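> Can you keep this structure in mind? I'll have questions shortly.
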Amino acid sequence: MVSLGGAMLGHGAEAAVVPSYDLDSFVSWDVDNMADLTNTGTPQAAFQTVSFGVVLLDKTNLTAQDRTLFLAAWKKAALGGTFRLEGGAAATYPRHGRLAVRAQASFLNQSSGEADAAALRKLLLDASAMYDKVFVASGLSSWYPRIEFATSPYLANSVGRGTGVKPGVGRELALHFTLKLEGLNAVLGFDDALQTKLTKAISAAISSTPPSLQLTPQEEYIEVNGKLVTNTHVHVQVTRASLADITRFINTAKSNPQAFFNTSSLGQALPASVEPWSAKITLVGNGFVPPETKWSDKARATAARLALYTAAIRCKWPRVASWTCVNCKISQAQLLDAFASDDKYEEAKDAFMIHYDAVLNATVVTFRSTYGNAAGWKNAADFTPVTRTIAGGSYRMHRGFSSSYYDCGVPGWNSCVRNPLMSRLKAAIAKTKAPSIIFTGHSRGGAMAMMAAVDAALDKRADLGIKNAWSQVKLYTFGQPRVGDTSYAALVEGFIGERFRLVSNADVAPHMPPTQRELDDPLSLPNVLAGTAATAALNGEALLLKVALWVVIQNQLGFGEGFGLGDSAYDFRDDMRERAGPYAGVWRHFGPQILSLDYFTKPGGKLTRRLGTLTCASDGDSNCEKAQLKSLDISTTAAKRFAGRPAVTTYTFGLMASLLNSMQKWPLMMLLDHGYYLGVDVGNEKCVAMKPPGWAGWKLTLGTLDSSNPSDGTDGDVGVRWQCGPANAGPTTPRYLPFNCGIDPLEGRDLNLEDLNCFETGDKDMQAWEIHPGVRTNLFTTSYYPSAQCLAIGVRPVVDVSLSSNEDWKLGSVALELSTTSGLDDRISTRWFGRCPDAPALSAAPTLKDGQTRSFELCEVKPWWSWKLAIRTAAQAGAGTDADLKVSWKCGSFAASNAPISITNCDDALCFEFGTTNRFEFENTPGEFLTAGNVFAPGNYPVPACTAAGVKPVLSILFKGTGYFDEWDLDAGALELQLSYIPPDETFSWGETTGTQLHRIESRRFKPCSPAGVVTFPSSKTAYTKSFTLCAV
């Protein structure tokens, strides 16, 4: 059931033809209120105005005194309005044998005019309220008024005329009229289906390009000749229609109204006509037209401050929601509210926070960019246009973004942004009473910010108490993708006066979805990146891995149907073209824009690029480009921009660093501009890589015996579990876990991907598990969070390893790590467990047979470290030696090894031959069972003694010659010592989800501090030692 004017109307009843009791047979178009559409001068101030017609059932004429009483009654009831009779002598006209009066109200207060006009229209459409508040309150109850028509608010000058009210920013052409559907009453029913049909019929009558319509139905009850007549009035406002279409409509409707409202298209006989006196051509929108805000030092300072918010919201959600994150130190910023669209916050597509910013004296709403989860990426890739109704108008918008914002309660979209945002924002505004609301966001967050700003300025304006959207609602976005068509862009430009969309020329995200021009241009950024990325996936080392990653990207985003050699770039381009579809030409950025590559056509057909207050005549306008670059402090080359990024991001180390941080491989170096604006790392990958409060991680490394016998490894299935206390205390793991190994963590530092198999001789295979409160799919739950027993000093975890295989397996090591977060910065503290010092010595590696389980008790140890030494023999005849050499080194008073280490056996067939460089590696691996060959003791752990700032290790070489002219010439300048280690704090090395992970490996290289040439060691049998002071390089 649908309630109209207080009555309940039924559905589905068949319409009957009711004779017309309307005595008027003509349609009159009020030209007095026609806007001055031909004048191109400066728009002037105009005022919100409502025209309406009222039938007075008990009046047959209107005296001068009656007119005064009529206007006084309205003035008394509607404060702030200036009322007048409309049309002079034509203000009254016959209606159903009664008297009808045309009137007009204008609201001269610019700050409250829109709200006051809307309130008047609401009163007019409520028959009982109008009767009580206007006529009964003024002693005119016997006049018995009935509303005939009421326009939506439109613009008029101070005397209520359209003359001189010119088009301008935030103003658009509108047509108002009231359509009478004769005989349609509560029995016949004006339901949603009929309203939809009527909307389509009116749209088709006006233009082949659907305009925007607002339909407001209301019932009319009136007694004529002793019979009760019930009609339905539909008050119509048409926008997004051209003057030519409206003029054609007017001319035809005057002579033959039924030609435009052919009710046969409604599927039922329903006489329709335009009510007399109701039709007007007007402008709607902003009454006062202030200039839009231009890019300036003040705007730049505002944008730079807002960029800090977009960086902060990228931190872990519990810290953001409590405003305790490492980036949450914005001065004079008070957190009012925070919302994530999923309680498992790592899987949320969207999140926003609301602040009061005392520096800007504004309520600031910040939206989070895509957070790396599959749901967010898939949603962002769904850019097929859909039609949405906003403020009564129809706009084509990005389906993924707009669904996430608008579709509340729709299956699959029940975690929308709009409802929770508006309820929280309303409460925040009431609390702060700040004069303006600023919406901001980076990337996807910018798209959400734009939709929210438009929503607040239009559909939700009254609910939020916004009086003047043009000046109260502000919008700043960074690297924001496109959201809507040209009409939507015009909507943003028309209702938000301070709006800046900062984008970089090297950032592809703002060019998605692509325009038709970009799809057709092979050198456009989307096409170049699509082609280069696919080509790069087929070149260079690690080919199989790159192909696999490209397939994953295609599948996750829904691009293409698979991967074929040489065709992936074209699949990607074709998919972009299919998704953009017939609407590719209408995607457009809203403006003003900073560093944008969008174009518009000037009068005369000249293509021009617009940028905020700057207009570049062409791409080659160097002066304009320099001004653009200066406005954002961005250098002119990708290399300089790249160099300006923070030193540490997620991609500074490990596999992704090798894949991404190279122009010769994936071309994503350019995309790094996507996360860096106005000197702020808005992408904040450093914060993204951190772990939240309540997080814990386990890493288990199983080493296979390093031998020359391949059969010492296994291809069998391995299961593991561990516990921190006695067996009767229960396991720390929920059950035996399958061990699915991956890349050797030590091989990973060199990106050696040749060994992708598990448990081969010499392998050290590692798997990681996380206990994560922010994800839904996790092997561990918070009930398995490491107990105090696991964190106690002296704890000895027990690891059980089982094997299902038709071959034996010889283990070389078992090592376990436990990582937990602590402190407000959630830094990761890691404890390593390996072979206990008091464990009995083993003469052979432990062997597992099929179906066997072995238990290993572990003790806390130091993490892995490695020293590499490079020694070069001078390139001259007789420089080599067969003598015994030993080395040792210190970092201050710290001894790096137990005793001098023999280096007689080197990686070449012959050691220390002239002109050759010999390399030696000495490593300490926790959990090794066979330790006889280990040259280090736990006390030799080199961190932090050898990594402190300014440390200068001293390398000593002990030489004992044979006595037979076997001196040795060392090229001392080529000496090099390198320390590699896993840092105690691995805050940025854990991955986002469970699975095989690489360690973060850090290293420090040292070379002789002073220039050194050839140093000769004598052939005497007496030991000779030479020391070299090394400096970090």
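The values are calculated or read from the model by the stated rules, or taken from the named source; none is laboratory data. A quick note: this is a predicted structure, and the numbers were derived from the prediction, not measured. Ideal geometry is used to build each Cβ from the backbone, glycine not excepted, and the neighbour counts take in all protein chains shown. Surface accessibility is based on the protein's heavy atoms, side chains included, excluding ligands, DNA and RNA. Shrake-Rupley method; radii C 1.70, N 1.55, O 1.52, S 1.80 Å.
> Of all residues in segment 910-923, count the ones that are polar (S, T, N, Q), open to solvent by 20 Å² or more (accessible area, probe 1.4 Å) and in a strand (DSSP E or B).
The total comes to 1.
> Could I ask something else about it? Residue check, L123 against (1) aliphatic (A, V, I, L, M); (2) within 29 Å of T239 (Cβ to Cβ); (3) more than 56 Å from the chain's Cα centre (by Cα), all met but one. Which one?
(3)
> When you scan segment 866-884, do you find a residue that is more than 18 Å from D969 (Cβ to Cβ) and outside any strand (DSSP E or B), even just one?
no
> On to the next question. Where the second residue is exposed (fewer than 14 other Cβ atoms within 10 Å of the Cβ) and part of a strand (DSSP E or B) and the first is touching a residue at least 60 places away in the same chain (Cβ under 8 Å) and lies in segment 823-850, which pairs have Cβ atoms under 6 Å and are six or more apart or on separate chains?
Taking only residues 6 or more apart or on different chains, the pairs are S829/S822.
> Something else about it: When you look at S855, is it of a type in the set (S, T, N, Q) and either open to solvent by less than 10 Å² (accessible area, probe 1.4 Å) or touching a residue at least 40 places away in the same chain (Cβ under 8 Å) (or both), yes or no?
Yes.
> Here is a follow-up. Taking segment 786-815, which residues are closer than 13 Å to T733 by Cα and not in a helix (DSSP H, G or I)?
Result: P786, S787, P797, V798, V799, D800, V801.
> Then there is this: Would you check which residues across segment 286-340 are under 21 Å from R501 (Cα atoms) and either of a type in the set (A, V, I, L, M, F, W, C) or assigned to a strand (DSSP E or B) (or both) and list them?
The answer is W295, A299, A301, A303, A304, L306, A307, L308, A311, A312, I313.
> While we're here: Check whether at least one residue in segment 142-152 is modelled with pLDDT of 90 or more, more than 24 Å from H176 (Cβ to Cβ) and in a helix (DSSP H, G or I), and report yes or no.
There is at least one residue in segment 142-152 that is modelled with pLDDT of 90 or more, more than 24 Å from H176 (Cβ to Cβ) and in a helix (DSSP H, G or I).
So that you can scan it fast, the table gives a plain yes or no per residue for (1) open to solvent by 10 Å² or more (accessible area, probe 1.4 Å); (2) part of a loop (DSSP other than H, G, I, E, B):
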position	(1), (2)
A45	yes, yes
S51	no, no
T68	yes, no
W74	no, no
N109	yes, yes
L120	no, no
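> For segment 380-480, give me every one of the helices (runs of 4 or more DSSP H) that falls completely inside it and has 2 or more residues that are of a type outside the set (A, V, I, L, M, F, W, C) and surrounded by fewer than 18 Cβ atoms within 10 Å (Cβ to Cβ).
Hits in segment 380-480: 418-432.
> Quick check on S138: is it outside any helix (DSSP H, G or I), out of contact with any strand residue (DSSP E or B) (no Cβ under 8 Å at 6 or more places or on another chain) and of a type outside the set (D, E, K, R)?
The answer is yes for S138.
> I need the full set of residues from segment 122-143 which are open to solvent by 40 Å² or more (accessible area, probe 1.4 Å) and of a type outside the set (S, T, N, Q), in order please.
Result: K122, D126, A127, Y131, D132, K133, V136, A137, G139.
> Looking at S783 and the list (1) of a type in the set (G, A, S); (2) part of a loop (DSSP other than H, G, I, E, B); (3) exposed (fewer than 15 other Cβ atoms within 10 Å of the Cβ), which single condition is not satisfied?
Of everything listed in (1) of a type in the set (G, A, S); (2) part of a loop (DSSP other than H, G, I, E, B); (3) exposed (fewer than 15 other Cβ atoms within 10 Å of the Cβ), S783 misses just condition (2).
> Quick check: anything in segment 806-814 of a type in the set (A, V, I, L, M, F, W, C), modelled with pLDDT of 90 or more, touching a helix residue (DSSP H, G or I) at 6+ places or on another chain (Cβ under 9 Å) and open to solvent by 10 Å² or more (accessible area, probe 1.4 Å)?
Scanning segment 806-814 turns up no residue that is of a type in the set (A, V, I, L, M, F, W, C), modelled with pLDDT of 90 or more, touching a helix residue (DSSP H, G or I) at 6+ places or on another chain (Cβ under 9 Å) and open to solvent by 10 Å² or more (accessible area, probe 1.4 Å).
> Follow-up question, since we're still on this one. So for segment 232-254 (the condition being at pLDDT below 75 and part of a loop (DSSP other than H, G, I, E, B)), does at least one residue qualify?
No, that holds for no residue.
> Right, here's the next one. Out of the residues in segment 257-314 that are under 25 Å from G393 (Cα atoms), at pLDDT 75 or above and aliphatic (A, V, I, L, M), state the one that is nearest to the chain's Cα centre (by Cα).
Here the answer is V284.
> Then there's this: Suppose we filter segment 819-862 for residues that are among the aliphatic types (A, V, I, L, M), part of a strand (DSSP E or B) and over 16 Å from T925 (Cα atoms); how many remain?
2
> If you scan segment 367-379, which residues turn out to be over 28 Å from A462 (Cα atoms) and outside any helix (DSSP H, G or I)?
S369, T370, Y371, G372, N373
> Here's another thing I want to ask about it. Return the residues of segment 324-338 that are open to solvent by 40 Å² or more (accessible area, probe 1.4 Å), free of Cβ contacts under 8 Å to residues at least 40 places away in the same chain and hydrophobic (A, V, I, L, M, F, W, C); say none if nothing qualifies.
Correct list: L335 only.
> Given the criterion out of contact with any helix residue (DSSP H, G or I) (no Cβ under 9 Å at 6 or more places or on another chain) and closer than 20 Å to P290 by Cα, identify the matching residue among A490, A430.
Going through A490, A430 in turn, just one is out of contact with any helix residue (DSSP H, G or I) (no Cβ under 9 Å at 6 or more places or on another chain) and closer than 20 Å to P290 by Cα: A490.
> Here's a check for you: in segment 346-369, which residue that is open to solvent by 20 Å² or more (accessible area, probe 1.4 Å) and of a type outside the set (G, A, S) is modelled with the lowest pLDDT?
Result: E347.
> Also, quick follow-up: Scan segment 70-82 and tell me whether some residue there is among the β-branched types (V, I, T) and over 52 Å from the mean Cα position of the chain (by Cα).
Checking segment 70-82: not a single residue is among the β-branched types (V, I, T) and over 52 Å from the mean Cα position of the chain (by Cα).
> Give the residues of segment 53-64 that are open to solvent by less than 50 Å² (accessible area, probe 1.4 Å) and over 59 Å from the mean Cα position of the chain (by Cα), sorted by residue number.
Selection gives L57, K59, L62.
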